[in-house]
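A quick write-up on the structure given underneath.
Here, each number is a calculation from the coordinates, and none is a lab measurement. All of these numbers come straight from a predicted model, not from anything done at the bench. Every residue, glycine as well, gets a Cβ built from its backbone with ideal geometry; the counts of neighbours run over all protein chains shown.
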Amino acid sequence: MRKRNKNGETSELRIIPLGGLNEIGKNLTVLEYGDDIMIIDCGMSFPEDEMYGVDIVIPDFSYLQRNTDKIRGIVITHGHEDHIGAIPYLLRQFNVPIYGTRLTLGLIENKLKEHQLTAELINIKAGDRFSLGVFGIETIKTTHSIADAVCFAIDTPLGKIFHTGDFKVDYTPVDGVPIDMSRIAQLGQDGVLLMMADSTNAVRPGFTASESVVGMTLENIFRGAENRIIIATFSSNVHRVQRIVDNAVMFRRKVAISGRSMVNVMNLAIELGYLSVPEGVLVDINAIKNIPDDELVIITTGSQGEPMSALARIASSEHRAVQIKRGDIVILSSTPVPGNEKMVSNVVNKLFEKGAEVIYSDIADIHVSGHACQEELKLIHSLVKPKFFMPVHGEYRHLKQHAHIAESLGMNGNDIFILKNGNILSLRKEMLDVPVEPEKVIPQKVKTKEKNAPDGKAAKTAKAPRQKTRTRRMEVTTAAIAEETVPANPVMVDGLGVGDVGNIVLRDRKLLSESGLVILVAVFDMNSKQLVSGPDIVSRGFIYLRENDELIEKTRDIAEAVLLDCCRSTKSDWYNWKTRVRDAVRSYIFEKTKRSPVILPIFMEV
Ligand SMILES: [Zn+2]
Ligand SMILES: [Zn+2]
């Protein structure tokens with residue numbers, strides 16, 4: 001139940017993650033106070049292996065759908081898919097203004113164009129302050145593996161909330177504007193009620209290296225190279241692309257671009273001024289034949305080994321413009337996202353087979369992470385010193401480790417909240433009796449322990465005269481995970497369908513993919529109750545019919561016998577007939593093959 005104060009207004013601040021916890025992906029956090037809701041990020045994630053045929057996964061918007069009149073806006077930390085990817089799907093359900101920095105909005109706009117949608121996009125920059133209902137938002141510069149990333153300090157009626165967004169502490173980023181440490185330290189001085197911080201690298205000790213390190217490694221590779229250089233990286237890592245272009249210019253190479261998203265993002269970044277490419281450097285990918293090998297760099301997508309990407313097509317000789325030549329230097333400037341390792345090594349193997357020299361993250365520092373490691377997290381915690389802490393952006397092990405880090409810095413475990421998607425962190429102002437002059441206070445816990453002590457000695461101590469605990473009634477902000485939850489199951493998008501693929505559809509897809517399909521077609525004359533034609537058997541993905549005549553023949557006989565028996569029965573209940581024929585065929589096929597294909601009877605009437 002929501003608590004209301006004497007004016008009938010709620011005094012509760014609710015933090016509701018609809019995505020981004022126990023996963024790296026589909027980040028979306030709701031802040032709610034009274035009649036105001038603001039949203040931080042609206043991302044998508046990629047399907048898990050068992051989500052057969054699902055294209056992408058988005059958060060469940062039903063809680064927002066129920067509260068559309070309260071939503072004042074969405075603020076976006078940066079332009080990665082796990083923070084902006086679900087925006088088109090949200091906008092299809094309801095319209096809401098979106099606040100982001102220039103590059104972020106540019107990437108969102110591209111996305112909206114693809115979906116033929118429009119929205120109110122409001123440009124913000126680091127240092128800006130604006131309000132959404134009761135929330136006062138301050139935009140702060142941060143550093144990450146994409147340009148123009150920001151974090152947010154949000155004033156609420158209960159106190160300040162600090163959300164780091166995705167970040168690393170980079171003192172020497174490519175654009176020369178480091179994370180705004182002094183502002184973050186100031187927030188800590190002024191007091192932060194709750195911090196939500198990126199946990200992606202919480203299990204990694206040390207510091208994440210600066211993006212500049214990659215620039216130096218690239219320079220060394222370029223300096224020694226006498227052949228073509230092909231570099232795959234994330235298209236959104238504009239700074240990395242800038243480093244590649246800079247090196248190309250320095251070593252007098254032309255740059256060709258391959259891959260749709262690379263072309264799109266580079267055009268956008270050049271247009272917005274985030275990427276500077278001197279005139280005459282870019283060449284058409286279809287015109288590279290005329291350029292000497294030691295004067296060319298190809299920048300491509302596919303650093304994660306994605307099967308349809310430009311690099312994967314190059315590796316399997318399916319690329320129209322680029323064929324691998326012996327001696328080509330291929331650089332994969334990224335580390336595989338967990339789960340993609342196999343795809344990446346497939347591509348690397350194929351490239352080696354074709355005679356390319358492949359440089360990937362196991363070999364050289366050609367990639368640095370965009371997320372803070374343990375020492376950077378400690379730095380942020382020490383500066384911000386929040387009263388409450390909620391680790392975000394991570395699988396459970398990341399969140400847990402991040403909680404440990406906070407505790408190792410002296411935070412009380414009771415003030416740290418590991419939520420699940422759909423949980424509600426409820427913050428309230430309450431009048432409580434708070435102990436004062438803490439040095440004279442005997443903590444409640446110790447007292448209980450003494451009473452229960454078996455040796456009587458402690459009990460004696462408990463009886464000993466002690467100074468009276470002095471308390472004062474004062475307003476205190478408390479935090480707790482509410483019992484109530486909101487719907488936050490993953491919503492699967494398949495083609496044009498959103499949320500129409502559920503567990504039953506997935507179960508069928510799993511069965512179909514594992515054991516295939518057997519279709520039984522039969523035609524009846526229901527006036528005379530006769531089987532006129534069939535049953536015919538068609539199968540896909542089960543066994544090769546032509547080589548299994550006997551099995552198919554026998555299956556047909558069994559099906560026919562059941563259907564003839566059905567025709568003789570008094571009931572003309574097709575549902576019942578289908579169940580009977582399905583059961584009979586299923587048990588026969590299982591007995592003979594130990595397989596359980598999906599069996600689909602199709603009946604027609606003449
Ligand atoms: Zn990111
Ligand atoms: Zn992220």
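What to note about this one:
- Averaged over residues, the count of other Cβ atoms within 10 Å places the peptides 575-581, 78-84 in the sequence 78-84, 575-581, highest first.
- Unit charges at the beta carbon, dipole of the chain: most positive-side option, Asn237, Ala372, Val348: Ala372
- Cβ-derived FRET efficiency at R0 30 Å, Val213 paired with Ser182, nearest 0.05: 0.80
- When Met526, Met51, Met390 are arranged by Cβ crowding within 10 Å, least crowded first, meaning fewest neighbours, the order is Met526, Met51, Met390.
- Look at Arg253, Arg66 and count the other Cβ atoms within 10 Å of each Cβ; fewest to most, that gives Arg66, Arg253.
- Pairs of Lys in region 211-359 closer than 13 Å at Cα, counting only those 8 or more apart or on different chains: 5
- In this simple spin-label approximation, Leu496 and Asp365 carry label points 7 Å from Cα along the Cα→Cβ vector, and these lie 5.1 nm apart.
- Size of region 211-359 from its Cα atoms: along the principal axes, largest to smallest, the extents are 36, 32, 29 Å.
- Computed label-point distance, nm, for sites Arg397 and Gln323 using a 7 Å Cα→Cβ extension: 4.4
- Taking every C-alpha pair closer than 8 Å and separated by at least 6 residues, the mean separation divided by the residue count of region 210-318 gives a relative contact order of 35 percent.
- Listed residue (Gly133, His83, Ile589) projecting farthest to the positive dipole end of the chain, Cβ model: Gly133
- Between Thr478 and Val505, the FRET efficiency from the beta-carbon distance, with R0 = 60 Å, is close to 0.90.
- Per-bin percent of Cα-Cα distances, the chain [20 Å]: 17, 39, 28, 15, 2, 0
- Residues listed by number, region 565-597, amide nitrogen under 18 Å from Leu517 label point at 7 Å toward C-beta: 582, 586, 596-597
- Eigen-decomposition of the gyration tensor built on the alpha-carbon atoms of region 5-157 gives equivalent ellipsoid semi-axes of 25, 19, 15 angstrom, largest listed first.
- Mean residue ellipticity, 222 nm, helices only, the chain: the sum of -39500 (n - 2.57) across DSSP H runs of n ≥ 4, divided by residue count and rounded to 500, is -9500 deg cm²/dmol.
- Ranking Tyr52, Ser317, Asn67 by Cα position along the charge dipole of the chain, where only Lys, Arg, Asp and Glu carry charges on their C-beta atoms, puts Asn67 farthest toward the positive end.
- Karplus-based coupling profile of region 283-288, in residue order and whole Hz: 10, 5, 4, 7, 10, 6, with θ = phi - 60° in 6.51 cos²θ - 1.76 cosθ + 1.60 and x standing for Gly or Pro.
- Of the chymotrypsin sites (Phe, Trp or Tyr not before Pro) in region 464-547, the ones in a loop by DSSP (not H, G, I, E or B) with at most 12 other beta carbons within 10 Å are Tyr544.
- Separation of region 101-137 from region 57-94 is 12 Å, based on Cα centroids.
- With the cut-off at under 16 Å, measuring from each backbone N in region 581-606 to a point 7 Å along the Cα-to-Cβ line of Arg568 picks out 581.
- Here is the list for region 95-139: GluC sites (Glu not before Pro) lying in DSSP coil, each with at most 12 other C-beta atoms within 10 angstrom of its C-beta, are Glu120.
- When each of Lys26/Lys400; Lys385/Lys420; Lys113/Lys378; Lys160/Lys420; Lys420/Lys510 is checked by Cα-Cα distance, pairs over 29 Å: Lys113/Lys378
- Charge dipole magnitude, Cβ of K and R +1, D and E -1 - region 211-359, Cα centre, debye nearest 20: 280
- Size of charge dipole - the chain - debye, nearest 20, with Cβ of Lys, Arg +1 and Asp, Glu -1, no other charges: 2280
- Proxy reagent accessibility, fewest Cβ within 10 Å first, across Cys373, Cys567, Cys151: Cys567, Cys373, Cys151
- Label-point separation in nm, Thr172 to Val281, each point 7 Å along Cα→Cβ: 2.0
- Sequence-distant contacts, meaning Cα pairs under 8 Å at least 6 residues apart, place the relative contact order of region 516-605 at 41 percent.
- All Cα pairs of region 516-605, percent lying beyond 16 Å: 49
- With contacts taken as Cα pairs under 8 Å and at least 6 residues apart, the chain reaches a relative contact order of 14 percent.
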